[in-house]
1. Any residue in the stretch 83-111 that is assigned to a strand (DSSP E or B) and buried (at least 21 other Cβ atoms within 10 Å of the Cβ) sitting within a Cβ distance under 6 Å of a residue that is at pLDDT 80 or above and of a type in the set (Phe, Trp, Tyr)? List the pairs, counting only those 6 or more apart or interchain.
2. Please specify each residue of the stretch 160-175 satisfying the condition of being surrounded by 12 or more Cβ atoms within 10 Å (Cβ to Cβ), at pLDDT 80 or above and not basic (Lys, Arg).
3. Give the residue that is nearest to THR89 (Cα to Cα), with candidates limited to residues of the stretch 11-33 that are touching a Lys or Arg at 6+ places or on another chain (Cβ under 9 Å) and buried (at least 19 other Cβ atoms within 10 Å of the Cβ).
4. Pick from MET22, MET1: which is more than 20 Å from VAL208 (Cβ to Cβ), out of contact with any helix residue (DSSP H, G or I) (no Cβ under 6 Å at 6 or more places or on another chain) and at pLDDT below 90?
5. Report yes if VAL212 is part of a helix (DSSP H, G or I), of a type in the set (A, V, I, L, M) and either touching a Gly at 6+ places or on another chain (Cβ under 9 Å) or closer than 21 Å to LEU86 by Cα (or both), otherwise no.
6. Among the residues of the stretch 55-63, is there at least one that is more than 22 Å from TYR215 (Cβ to Cβ) and modelled with pLDDT of 95 or more?
7. Which one is surrounded by the most Cβ atoms within 10 Å (Cβ to Cβ) among residues in the stretch 112-141 that are at pLDDT below 55 and not β-branched (Val, Ile, Thr)?
8. If you go through the stretch 16-55 one residue at a time, how many are in a helix (DSSP H, G or I) and aliphatic (A, V, I, L, M)?
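The values are calculated or read from the model by the stated rules, or taken from the named source; none is laboratory data. Just so it is clear, the model here is predicted, and its values are computed rather than measured. Cβ sites come from the backbone with ideal geometry, for glycine too, and all protein chains shown count toward neighbours.
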Amino acid sequence: MTDRIRVALVDDQALFRTGIRMLVSSQPDLEFVGEAGDGVEGISLAASAKPDVILMDIRMPVLDGIDATARIVQARAAGAESPRILVLTTFDLDEAAARAIRAGASGFVLKDADPEFLLAAIRTVHAGTSVIAASATKELFQQFGSRSAAAAPPPEFGELTQREREIFLLAAAGRSNSEIAAQEFVSEATVKTHISRILAKLGLRDRVQLVVYAYENRLTD
């Protein structure tokens, strides 16, 4: 039997925490290891409970989820063990979710998402893949991008080959590796290689940051 995925929750709404705790605890492959009501408590929880995944609200008292995410990720960069962070957001949030991703979150889901989607997102980020709430992606990043003035592509984007640019745009549009492989008539392994090179050239951590980068720089519709 494989080890269960250790999950923690940081949110200032007690009733919401109760619901998530019950949901996570109902799953045989997940273990709920703690909860906190603000970002400062969340940082302490990350260090003490050592969860694999933290569900992190954005708007909280004392310290918000963006700054808490950044501090937890900085601890990981310094060599400490730290979890992957899945941001909980709403339709009212736009730039905040993008800022959380830039701070190091592995993705975001809507707070009113179906329970099955949230559970799948937890398992997905634990496996090393980023998650973006598909129903919110276009609206969120279009709102964010609409406030940015049109400009020439960043210099590092010019370092991508033509094929890398094609795959970049497909990935930014939310296509999976298998979908990109089918459209470009290459293997999934080839797509993974291209994605890795694209991320390295652009200085990005993962595909979620790639999506943010594309919308920030008006590189996709």
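1. The qualifying pairs are VAL87/PHE108; THR89/PHE108.
2. Our first condition is that a residue be surrounded by 12 or more Cβ atoms within 10 Å (Cβ to Cβ); within the stretch 160-175, this holds for 160-161, 163-175.
Add one more test, that the residue is at pLDDT 80 or above, and what stays is 160-161, 163-172.
Residues satisfying the conditions are LEU160, THR161, GLU164, GLU166, ILE167, PHE168, LEU169, LEU170, ALA171, ALA172.
3. Among them, the one singled out is ASP11.
4. Values: MET22 fails: at pLDDT below 90.
Step by step, each of MET22, MET1 is checked, and only MET1 is more than 20 Å from VAL208 (Cβ to Cβ), out of contact with any helix residue (DSSP H, G or I) (no Cβ under 6 Å at 6 or more places or on another chain) and at pLDDT below 90.
5. Details: part of a helix (DSSP H, G or I): yes; of a type in the set (A, V, I, L, M): yes; either touching a Gly at 6+ places or on another chain (Cβ under 9 Å) or closer than 21 Å to LEU86 by Cα (or both): yes.
Yes.
6. Restricting attention to the stretch 55-63, the residues satisfying the condition of being more than 22 Å from TYR215 (Cβ to Cβ) are 55, 57, 60-63.
Next, from what is left, pick out any that are modelled with pLDDT of 95 or more: 55.
Checked the stretch 55-63: at least one residue is more than 22 Å from TYR215 (Cβ to Cβ) and modelled with pLDDT of 95 or more.
7. We begin by selecting, within the stretch 112-141, every residue at pLDDT below 55; these are 134-141.
With the extra rule that they be not β-branched (Val, Ile, Thr), the set shrinks to 134-136, 138-141.
Numbers: ALA134: 11, SER135: 14, ALA136: 19, LYS138: 13, GLU139: 11, LEU140: 25, PHE141: 22.
Here the residue is LEU140.
8. If we filter the stretch 16-55 for residues that are in a helix (DSSP H, G or I), which is where we start, we get 16-25, 39-49.
Right, trim to aliphatic (A, V, I, L, M) and you get 20, 22-24, 40, 43, 45-47, 49.
Counting residues in the stretch 16-55 that are in a helix (DSSP H, G or I) and aliphatic (A, V, I, L, M) gives 10.
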